[in-house]
Amino acid sequence: MNFTYYMPVRVVAGEDCVQKNAALFAPFGTRALIVTGKSSAKNGALEDIFRVLRQNGQEFAVFNEIEANPSVATVQKGGLFARSFGADFIVAAGGGSPMDAAKAIALCARQDVADIFSHPIGEDVLPMIHIPTTAGTGSEVTQYSILTDDVSQTKRSIAAPQLFPKIAFLDGKYMEDLPQSVTVNTALDAVSHAVEGMLSVRANLFSDALARESLRLLFGEYSALRAGVYARADRQMLLYGAALAGMVIANTGTTPVHGMGYSLTYFRGVPHGRANGLLLPAFLEACKGKVPRRVSAICEALGMDLPAFSQKVDDLIGPRDVYSEAELRDYAARAAKNRNVKNYLAEFSEEELFEVLCRSVGG
Ligand code: NAP
Ligand code: FE
């Protein structure tokens, strides 16, 4: 088997890893732009970053306007802010939204970008340090920035090796007050990354090993996820599991689950991870006839068969959202155009996408 596996992010993990590693921030320059949302001011992440930067004598400014599913307008504003501040580097703290936005801001700060989705991504971007405060997207170890595109009415990604953060700090302590709904949704996103990675045309021995270990860690936390009660060690394990799944998709990309999920998020505001969780069981069921050996490998990694997996996901998701046939036809047509479909190991037609959508969230 011939393959390439690439992972350029230095991962530093453990309790108080930010404070204990101030020296790692020092070489990045003298002026830091902190890109974040609103919660980092309450969960301790911002305070830790301030302390470390002050200790190093580094100047900083905060851009805390990142919304969920960040828009192009927000990252362009952030890019201008970074320029006017004269940032040397970016520290991103938050869930996938601030972490993804930071990558686009790092680009806009250094390159004149008219249309971010068609702009060829040059080498010159601000270097980044990422600190996740949700355990799901794995954005801290990926080269993807997923933004809301109001022109094509979907979420689209920009991707380039230079968008990998240089360092990811993983500390579960920031997630102590993460709401249960966000904890479950983000965990489902991570599960989806690991599973979809195993269904990608780019799946390989390394990505499979990471995906299997990710699923083991994430499902090891299933009782905590069900109960909604988390010790610090549970938070840390969810964070590791999600980062491993991020390392999977950094190399494999995602599949039609993400492609379909984007419409649920764009048109109905369904959180990203929940959208994937709603669709994943029916998608896997449909994969059985197409790539049976891969589905068996996934079940083996999960330690359960598909009905048991569906039940577990269902129990986490709760009552399902319901959509009209017309909406689902539209979502299927949109998903069929998404490049994630080509990333899947077999053909998956628009009609089949529609069927998965109907089984998942049909009336
Ligand atoms: P999110 O949108 O970043 O955060 C969800 C909510 O949780 C926000 O209200 C956020 O508030 C809050 N929050 C975050 N951390 C918290 C904490 N420690 N305590 C309390 N509240 C907290 O959600 P996400 O699921 O992590 O990220 C989703 C985004 O990532 C989507 O745009 C998705 O497309 C993208 N994504 C990217 C990749 C990739 O490879 N790059 C992969 C999958 C998904 P504030 O933001 O105001 O702080
Ligand atoms: Fe995702």
- List, please: which pairs have Cβ atoms under 7 Å, are six or more places apart or on different chains, and start with a residue in the stretch 304-333 that is closer than 25 Å to residue 180 by Cα and end with one that is aromatic (Phe, Trp, Tyr)? 312/222
- Note on the structure: Counting only residues in the stretch 127-178 that are among the acidic types (Asp, Glu) and outside any loop (DSSP other than H, G, I, E, B), the one farthest from ligand 2 (Cβ to nearest atom) is identified as 149
- Item | the stretch 115-164, subset under 25 Å from residue 40 (Cβ atoms) and more than 11 Å from ligand 1 (Cβ to nearest atom), residue surrounded by the fewest Cβ atoms within 10 Å (Cβ to Cβ) | 127
- residue 66 being part of a helix (DSSP H, G or I) and either more than 16 Å from ligand 2 (Cβ to nearest atom) or aromatic (Phe, Trp, Tyr) (or both): no
- Can you run down the residue pairs with Cβ atoms below 8 Å, 6 or more apart or on separate chains, where the first is in the stretch 146-164 and hydroxyl-bearing (Ser, Thr, Tyr) and the partner is more than 16 Å from ligand 2 (Cβ to nearest atom) and at pLDDT 95 or above? 148/71; 148/72; 154/334
- Message: Give me the helices (runs of 4 or more DSSP H) completely within the stretch 213-323, filtered to those with at least 2 residues that are within 13 Å of ligand 1 (Cβ to nearest atom), ordered by residue number.
- Response: 232-252, 256-268, 272-287
- Being farther than 17 Å from residue 168 by Cβ, surrounded by fewer than 21 Cβ atoms within 10 Å (Cβ to Cβ) and in contact (Cβ under 8 Å) with a residue 40 or more places away in the chain narrows 54, 31 down to just 31
- Query: Which residues, taken from the stretch 280-299, are surrounded by fewer than 20 Cβ atoms within 10 Å (Cβ to Cβ) and without any contact (Cβ under 8 Å) to a residue 24 or more places away in the chain?
  - Reply: 288, 289, 292, 293, 296, 299
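The values are calculated or read from the model by the stated rules, or taken from the named source; none is laboratory data. Quick caveat: nothing in here was measured; it's all calculated off a predicted structure. In this analysis, Cβ positions are derived from the backbone assuming ideal geometry, glycine residues included, and neighbour counts consider all displayed protein chains.
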